[in-house]
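Everything below concerns the one structure shown next.
Values in this text are rule-based calculations from the coordinates and carry no lab data. Quick caveat, the model's predicted, so the values are computed rather than measured. Cβ placement follows ideal geometry from the backbone for every residue including glycine, while neighbour counts extend to all protein chains displayed.
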Amino acid sequence: MRGVDAAGRGLVTALVASALLLPTASRAAEPYEGAWAKTLKDCNDPDGATSLTIIGLNMKIDGMPRAMVEQYENHCFIDKKSTTGNDTTLNATCYEFWDDFKKKVSGRNEIIKLSVVSKDALKIDGNSYRRCPEKPGKKKR
């Protein structure tokens, strides 16, 4: 596995910070928006190869709102979504490296399946995730 460049690590850190500013489950536009991980430890480690996944329909990328699913070395921009009941299918274009996205090269089409189990539990492609807790003292919007 190739390493993440400094810009990519900075982006992940920025996205984690912005994800923590996303609306909580009770205020989110969609119940799957927010920061998710397989373990609580993964919630607190934005710089490593963890399960931390950030889903947002209005993430600011270069000042513009973009719908994204962000994971370690997997930057996916949502092209289309369809929801039936608690299940949402995302058609996305994904890039391993942030520079590839910037250059619009090496993108691959992916289908991501989300299943809302509860306000704090989500299945992503059949794998169980839990909502990362808000940071103490976080300002509510």
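Taking label points 7 Å from Cα along the Cα-to-Cβ direction, Asn86 and Lys113 give a separation of 1.5 nm.
Residue pairs exceeding 25 angstrom between C-alpha atoms, taken from Lys41/Lys81; Lys60/Lys103; Lys38/Lys104; Lys80/Lys119; Lys60/Lys80; Lys41/Lys80: Lys41/Lys81; Lys38/Lys104; Lys41/Lys80.
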